[in-house]
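Any read-out appearing in this document is the output of simple, stated calculations on the displayed coordinates, not a laboratory observation. Note that the structure is a prediction, hence the values are computed from the model and not measured. Here the Cβ positions follow ideal geometry from the backbone for every residue, glycine too, while neighbour counts run over all protein chains shown.
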Amino acid sequence: MAVRAELVEREAARVTVRHEDAALDLAASLPRLLVAARRASSTVAHGLHGRRRSGVGENFWQFRRFSQGDPVGRIDWRRSARDDHVYIREQEWEAAHTVWIWIDRSRSMAFRSSLASVPKIERAVVLGLALADLLVRGGERVGLLGVTRPTASRLAIERLGQALVFASEDTSELPPAEAPIARLAEAVLIGDLLAPEDEIAASVARLAARGGRGHMVMIADPAEETFPFSGRTEFVDPDSSRRLVAGRAEDWRAGYAERLARHRAALGEIARRHGWSFTIHRTDRPASEPLLALHARLAEAAF
Amino acid sequence: MSALPLAFLSPWMLLGLLALPALWLLLRLVPPRPRRVDFPPLRLLLDVVAKRETPVSTPWWLLLLRLALAAFIIFALAKPVWNLQPTAAAGSGPLLVVIDNGWASAPDWDARVQAADAAIEAAGDGGRAVALVASADAPRDIGLVTAGQARERLRVITPEPFDPDRKPLLPPIDKLIKTVPSTEALWITDGLARGDAHAFAEGLKTALGDGRLTVRADARSARGLAAAENQPGALTVKALRAEAAGSEPFRIRASDLRGRTLADVDGRFEPGARDAVATVDLPVELRNDVARLEIVGAKTAGAVQLLDQRSKRRSIGLVTGASTDVAQPLLSPTYYVSQALKPFADVREARGQGASQAVEAFVAEKLPVIVLADVGALTQEAHEALSQWVKNGGVLIRFAGPRLAGAPEDDLSPVRLRQGGRILGGALAWETPQPLASFSPNGPFAPLTVPKDVTVNRQVLAEPDVDLPDRVWATLGDGTPLVTGVRQGKGLTALFHVTSDTRWSNLPLSGAFVEMLRRVVDLAGSNPPSKPQEGAAAPQAAAGARAAVLAPTRTLDGYGAFRSPPATARPAPAEGRPAATQDNPPGFYGPVDAGVALNVLAPDAALARADLSGLDVNVSPIVVAEPTPIAPWLFTIAAVAAIADSLIVFLLGGGAALLSGRRAGTAALMIAAAGLALAASAAPGLAQQPPVKPAIDERFALEATLSTRLAYVQTGDFEVDRLSKAGLEGLTQTLAQRTALEPGSPMAVDPAKDELSFFPLIYWPVVNGAPTPSPEALARIDAYMKQGGAILFDTRDALTAAPGVENEALKRLLAGLDVPALEKVPDDHVLTKAFYLLNDFPGRYSGSPLWVEALPPVEDGEERPARAGDGVSPILITGADLAGAWAIGANGDPLLPTSGDERQREMAYRVGVNIVMYTLTGNYKADQVHVPALLERLGQ
């Protein structure tokens, strides 16, 4: 049976409320995600989730006796007035992590074959937003690389979704090159990652320049993997509009499979070089699989 | 002409076929379009080392399909036509068109006119002058006219009810050709040899010289009827045909003077026979009423035989010399005679006057048979009148008796009589009563069997003259004559040598008496064998020499329908003619009960084909099938091929996946759309119509219902539709002026798609040749009629329709409808009183009855001035062209003249007002008769 493959319409490929809902459904099935803090340090940007110890934070942790050297300003006079001692009000230490998520929104992401139920963009957005929700519920700060600043709001999905809706059309196949991420921040790149290997390598190197960790998720349509075409076929690249006419598409299958394997190996190598992770997700698989994997990777304690 | 009746109107388009090889090369080079797939990882694919690509070529069968497609389109553009009408010779000189318009041309007259029209039109297109000659019309000088004038003239030529006389046409034709030598001729002939066909063809050929003569004739010519004879046993008639073809059935219809069918008789031409005798076996009383015999469906005057009074029921005058004693009828001398005559004749008895006066009266009434029962002497005047009457064909039957026996010798007896009677078997006589012994083989009684029980007591005796034996019809046992008879002039006298009552013999009591009288009476109207058909045995007025001619009463037209005599008809000789001529067209001449009938074909006529074989002429048929353009079908085939090509390309490109995949529905839709396109192209006529509206078009509904409107059915004939619209507009104005009804302007409806129920009355002009409505449309019309609507069908043919012949178009139209029983509007129908009081229902033409649904019969004791059934008659049929009478132009002036005066138009408007009022108010007017009763019941 011949496989049909097409780009979904632009309208259908836009981020809408349904993605947010799908992301919420997906995120609800997973536990809170605490990104492992690799380094306990007050210099870390103010975070949101308590570390079960006193430190810099907003939430009350305990009162303790004033001891020499404590700043006077930290004395809780109201508590101190109740007995003869002077108490200092301590807050729980809160350390927050920033996770930058990048979702490939190029035209090629609108691709869907008859073997998959959703286009790649849909899976990528759902995955990214679900991840954001998990992170926010775990108290982390989440930002969309090149689109929003990090936020820790409980309404992160709505905000990020809104931001995606109103973001300008982005046709680049790679994350924006503006700035490397911070040393302790993490990056999650979700896309089909079909750009040339050296461009991907350059982009990842730029992001990881300050030591930030990252994860690459390659969203692939089953048709892109199995190449189920046969007969006289004209292939069109949606991004560059280049085209190729194959007289007998089945003759190209082996060569393509071999080339795809090389591409993926190269991506794996890039990830390994920067200490990043690399995951391949096929859109005919459930979306919870890559989410679980990311969950596991992000939650890896690396103290 | 090729063997196939196929011709191309633009044959040069066929040159396009030369381009096919080029197309073949082109198609070979262009492979099928690949299937297009979006593929994001194309960059990876580009890195793959390209395989060796084998060029993909179009499969040969697809190539063939496409070439065929192109060929079909080229053929279609060349405008092929099946059965192209053959046109006359395409010369440059004038065209002489001779069209036979005798009776034999009538059955397919329209086709002949069409053929002539086409030829004239073609000549006109070529800028050629035309001369048109109708062979049955009086010869006159032939002048060249333009094609337009010739077509005008062609339109007024009608088939005439007699044989064309072609020979007199030759001199003027000769003259024309001498003037314009380049003339070519077209002769549309009826194919019969009658009317000097061969000589005419030869003369035409000679006159033309080397000019071309084209003859159009059909293989089958008209059928004729001749020699209708009222034989003693039955009415026989001979059907004729010109071709000794195979077995062929026909049906003879016998009808009376008023057009009522008396009998239908089937006959059959035997294979190879050119005539066939049909026998109409009817009781003599009915047989006498037969006035017209025709071949059903022949549609020509030649297939009609008219019968005059020769075969009719005879009136017999009965005169007695005895004083009439009505108190004792059994003793009356005329009782037995009148009883014996009654079964086959009208008996008139002279009452209250003397025998001579009675004889004079009967002679003046031109009775064919007079019976004198024991009349002795007549006055001199009566005697002369009677003998003159006998010479002119009267049949005189005399009975003996005491007065005759005592009367002096006269010349009204067949034999000389001895004075005084002879008594047999009496007390003083020695002879016994004599039985009836034999009938003379020469006499009219020869076929009868001799009754045994007849005895004669007394008789008058004949003088034994030399010629006596020839005149004896019946003899007694002793050889004396009982009945004698002799021809005198055209008539005859017969003498029964006994009385007409039972005093002298018991012959009047015998059954043989009736038969004998019948035999004698049958002799009236038959002719002396030496002069067949002559005279029609018309017992003319005594002064036969003066009344030599009879004026035409009713004549036949070329189609065999009765009409009033044309202005050119002359009186016919009283003795009739064997066959009709131009001056004496077939029909009835003289008074209704004593006229003569003239027929197209003489009794001894035979039909034969005109023999044109010896002449070098080009003969082609007249009635050719309708020319059918084939281009639409070729285009359809091309469209189908194109669709098939698309499907094949679609399937070759992997479309099967679509068909089997989830989008099968879409594919099915596409195929359905293709099917629709096919259907649309398969019916090129329909494709030009606007798209079908939804069940009820809202705008149409609003327009139709916001005010009451009259509606008319659009026939598609522009002129008819224009008149319908103008007519209904005129009626609408009249209604608004005169009645409380102010209708909106009339609307056109199409019963196939418009909702009809909005209209109280729909005017439907019946157009010949209009297509029969589809079954769906018929169902809608039927529903409309069933649910209270009324349709006024107007055949508009009151002037042209043959009486009693139904309009074909209307018949076809109504065949699909459930039409109730119809009747002509009776005098007490509410239609005659709905608004105006009307007696008849004229339109543009008067005299056409208005047919409505038959009312239930009047119940006993019910006296009502107006009757109406429940509701409104759903159907009204007229032929009076009402819309033509109503039609007004933009300035309010009538568009068309009426057949009568302006008062007829006023009456037509009144008819329209009554019809509209009737459809709107139903039986309201009829119910008005109850008003007095209601008022009375209310206590007034």
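Tabulated results
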read-out	value
Likely footprinting exposure, B:98, B:277, fewest C-beta neighbours within 10 Å first	B:277, B:98
Ranked by how many other beta carbons lie within 10 Å on average, peptides B:379-386, A:131-138, B:364-371 from highest	A:131-138, B:364-371, B:379-386
Amide H contacts under 5 Å for residue A:220, placed H, 5+ residues apart	A:281, A:282, A:283
Shielding score for A:234-242, defined as the mean number of other chain Cβ atoms within 10 Å	5
Over 21 Å [Cα-Cα, the range B:698-929], rounded percent	53 percent
Calculated Rg and Dmax of the range B:318-522 using C-alpha coordinates, Å	15.7, 47
Per-residue HN-Hα couplings for the range B:898-913 [Karplus 6.51, -1.76, 1.60; θ = phi - 60°; Hz; x = Gly/Pro]	9, 6, x, 9, 5, 4, 5, 5, 4, 5, 4, 4, 5, 4, x, 4
Filter on B:725/B:786; B:178/B:205; B:238/B:490; B:725/B:833; B:167/B:299; B:167/B:238 - keep pairs with C-alpha separation over 19 Å	B:725/B:786; B:238/B:490; B:725/B:833; B:167/B:299; B:167/B:238
Nearest-0.05 FRET efficiency for residue B:264 and residue B:412, computed from C-beta distance (R0 45 Å)	0.50
Derived scalar couplings ³J(HN,Hα) [the range B:296-301; Karplus, 6.51 cos²θ - 1.76 cosθ + 1.60; whole Hz; x for Gly, Pro]	5, x, 6, 6, 8, 5
Taking A:277, A:241, B:135 and counting other C-beta atoms within 10 Å, the order from fewest to most	A:241, A:277, B:135
For residue B:550, residues with placed amide H under 5 Å, excluding near neighbours	B:572, B:574
Sequence ranges A:118-126, B:473-481, A:198-206, B:10-18, ranked by mean other-Cβ count within 10 angstrom, highest first	A:118-126, B:473-481, A:198-206, B:10-18
Cβ-based exposure ranking for A:213, B:28, B:844, in which fewest neighbours within 10 Å come first	B:28, A:213, B:844
Under-5 Å amide H pairs with residue B:620, H placed in peptide plane, nonlocal only	B:215, B:216, B:217
